[in-house]
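Each remark here refers to the structure printed beneath this line.
The values are calculated or read from the model by the stated rules, or taken from the named source; none is laboratory data. The structure presented is a predicted model; accordingly, all values stated were derived computationally and were not measured. Virtual Cβ from ideal backbone geometry, glycine too; neighbours counted across all protein chains shown. Just so you know, the surface numbers come from the protein's heavy atoms only, side chains and all, with ligands and any DNA or RNA stripped out. Shrake-Rupley method; radii C 1.70, N 1.55, O 1.52, S 1.80 Å.
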Amino acid sequence: MADVIIAGAGPTGLMLACELRLAGVDVLILERRAALNGESRAGGLHARSVELFDQRGIADRFLAAGRKGPFGHFSFIPLDIGSLPTRYPFALAIHQSRVEQLLEERARELDVPLRRGAEVVGVRQNGSGVEVEIASAEGAERLRADYLVGCDGGRSTVRKLAGIGFPGTPATLTALVGDVKLTDPPPGIVFGDESRREHGSFMIFDSDQPGLRRVITMEFDKVTHRDTPVTLETLREALVKIAGTDFGMHSPHWLSSFSDAARQAERYRDGRILLAGDAAHIHFPSSGQGMNLGLQDAVNLGWKLAAVVNGQAPDELLESYHAERHAATERTLDNIRAQTALWRPDALTDALRDVFGALVGIEDVNRYLGGACTQLDVRYPLGDGHAILGRRMPDLDIKTPYGPLRVFELLAAARPVLLDFGGVSGLHTALAGWQDRVDLVEAQCQDDHWALPVIGEVLAPAAVLLRPDGHVAWAGSADGSGTDDDTAALEAALTRWFGQANNS
Ligand SMILES: Cc1cc2nc3c(=O)[nH]c(=O)nc-3n(C[C@H](O)[C@H](O)[C@H](O)COP(=O)(O)OP(=O)(O)OC[C@H]3O[C@@H](n4cnc5c(N)ncnc54)[C@H](O)[C@@H]3O)c2cc1C
């Protein structure tokens, strides 16, 4: 019996498993596919995802495997993200298949068991655990765990078996995608406004398969059933209708379809069953958000579920996973709906794009949209004190008793950290009951103001309590000007996030 079973070894399931293992949780991944199939939907990682990997000390692997691009985009209107206050002010072009390989490698290093060819087909829960029925080449089998997390993609079996609704907005378009050979390809890539035509839009760029190109077509106001098979002929027909040629398309390696349906699980948790990644939300892949959202889900849920499984925090802590991630993702879904609306091929939308293009030239607008597109702007509702509360901690250069470090290096073990810059009295005493769970680090930082994405400079607090996901759970003010700089507020935050004090 495992503490936690994860259904699905996509980016979300693999990342979550690694997070749980770091906290000593006994985890098992069940994956329907027999092998990595090299199918690559997502083509990139945004800044916050690279930061998440950096927080665990594994960013270099992804940076080495990808290519830096200086621009983000909003509905293909370029955004300058180069001046965002992060060490990674770029979009990292890296195929999803490569991300999965690297995460699987990391999972192996952490001794995460991964069973391939094992499909979750039944789920039953009671007060003491979850029974998971699997179908594999060896036949039917039943496994038990304390918790089950469905990371099994947009058509999640776990979500359906748990009876969790998936409300949202329905599809208004049909998009086809294929990795194919082109005998007569266009020069370079086709992307952005040049790909908008009277009958829809099309894009062509490199596939992750050598010698192949990725072709995507979008036909608006045409909704096909999502189970309609995609063939080379249907892709060719759509491309000829939109672009006037099929560019000599042949030899497909992978064909699929998607739409702009945007839905979210009505609850990310039902008792001992949780959902993360595409199982919890689907949307059009505008500006490449999906894989990044799943990674953020995994890093938000991992330490919470570990604290509950390890008996350090009450089960109610898991409610904050739904509250935080559902709200953050709802914003992203609305942002994506707006991008899709701006992509329609008609004269009114052309005019709207012109206006929007001019607005994006305004620095504040560019910064606002850049913060959203990179997911650096996420703020969880953790109170009204210091402006940094609930936001991700910036990766500052600091001096510590162990030498000069970056803040993210302190998060490698996925443990909470109380970072004391001096100036708040009684911190050590307040922390006494949590010293087994929270690392105290005394540090000096030269910056008396910190640059945060979107909101700009804020006065540096005198201490911060960092959750393992890198979000600030408490901040003591430098000047005592009315923010939560008292130890009572710190103790409340410690209790809320990391359970009761040992001495209470
Ligand atoms: C054309 C396209 C382009 C995209 N581009 C981007 C992009 O640039 N950036 C971005 O961030 N996102 C992008 N996305 C979205 C991205 O691909 C998804 O958001 C991402 O794959 C979600 O990861 P996941 O791990 O949650 O789910 P998945 O990747 O779907 O993984 C789910 C896993 O669960 C397994 N599984 C399913 N059912 C079961 C079961 N019953 N039992 C056991 N295992 C099961 C599946 O085999 C699969 O391995 C794009 C999507 C498309 C369609």
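Overview of values
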read-out: Principal-axis tilt of helix 363-373 within the chain, Cα atoms, nearest 10 degrees; value: 90
read-out: Distance between segment 150-184 and segment 354-393 - C-alpha centres, whole angstrom; value: 28
read-out: Size of electric dipole in segment 393-480: Cβ of Lys, Arg +1 and of Asp, Glu -1, about Cα centre, debye, nearest 20; value: 260
read-out: Estimated inter-spin distance, residue 409 and residue 193, nm [label 7 Å along Cα→Cβ]; value: 4.6
read-out: Potential extension, residue 135-residue 169 segment - 0.36 nm per residue separation minus Cα distance; value: 9.0 nm
read-out: Helix 96-109 axis, angle to the chain major axis (alpha carbon atoms, nearest 10°); value: 40
read-out: Virtual spin-label span in nm between residue 119 and residue 442, 7 Å along Cα→Cβ; value: 6.0
read-out: Pairwise FRET efficiency - residue 67 versus residue 312, Cβ, R0 = 35 Å, nearest 0.05; value: 0.30
read-out: Cα coordinate range in segment 338-453, projected on the principal axes (Å, largest first); value: 65, 27, 27
read-out: Estimated inter-spin distance, residue 358 and residue 126, nm [label 7 Å along Cα→Cβ]; value: 6.7
read-out: Segment residue 267-residue 35, extension gain: residue separation times 0.36 nm, minus the distance between their alpha carbons; value: 80.4 nm
read-out: Dipole of the chain [Lys/Arg +1, Asp/Glu -1 at C-beta], most positive-end residue of 410, 238, 1; value: 238
read-out: For residue 454, solvent-accessible area (1.4 Å; no DNA, RNA or ligand), Å²; value: 40
read-out: Sequence-distant residues sharing a close amide H with residue 212 (under 5 Å, placed H); value: 207
read-out: Rounded Å value of the spacing that divides the Cα centres of segment 435-462 and segment 50-119; value: 25
read-out: Between 0 and 90°, nearest 10: helix 11-22 axis offset from the chain longest Cα axis; value: 20
read-out: Of 181/241; 160/181; 68/304; 160/241; 68/160, those spanning more than 29 Å from alpha-carbon to alpha-carbon; value: 160/181; 68/304; 160/241; 68/160
read-out: Charge context of residue 416, other residues only, Cβ under 13 angstrom, K/R +1, D/E -1; value: +2
read-out: Cα-centred dipole magnitude for the chain, charges only on beta-carbon of K, R (+1) and D, E (-1), debye, nearest 20; value: 1100
